[in-house]
């Protein structure tokens, strides 16, 4: 069993009353770590989507040092659109609206954690198991 499998297993065994947060976290971390041709991946694509949606100031606050600006579930729906958000919701076994709400809660912290010193890592340099372990406390572990 690999490191990622261990982390995913740890999150899967968390409190079943978490409203799908653990499964959504797994899906999001997987999305952010996806590497596309040319080294561009999920995190860069997500940051670009925020810029394209006119929410650059919000996502830049997460990348840079300093206070993270909040994001609403409506803004998450605007950025991710129906398809990508629905895929994440389906992976977590929760509603589209529930996924947007949970993402609004924890996405700023994840991106902040992944971008120390304001540097966005290439997709292949994101360690999903470390991210999942860091945020496992959100789920009672």
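For the pair residue 86 and residue 69, label points projected 7 Å from Cα toward Cβ lie 2.9 nm apart.
Each residue, residue 45 and residue 97, gets one label point 7 Å from its Cα in the Cβ direction; the gap between the two is 2.8 nm.
Any read-out appearing in this document is the output of simple, stated calculations on the displayed coordinates, not a laboratory observation. The structure displayed is predicted, hence computed values, not measured ones. Cβ coordinates were reconstructed from backbone atoms using ideal geometry, including for glycine residues, and neighbour counts include every protein chain displayed.
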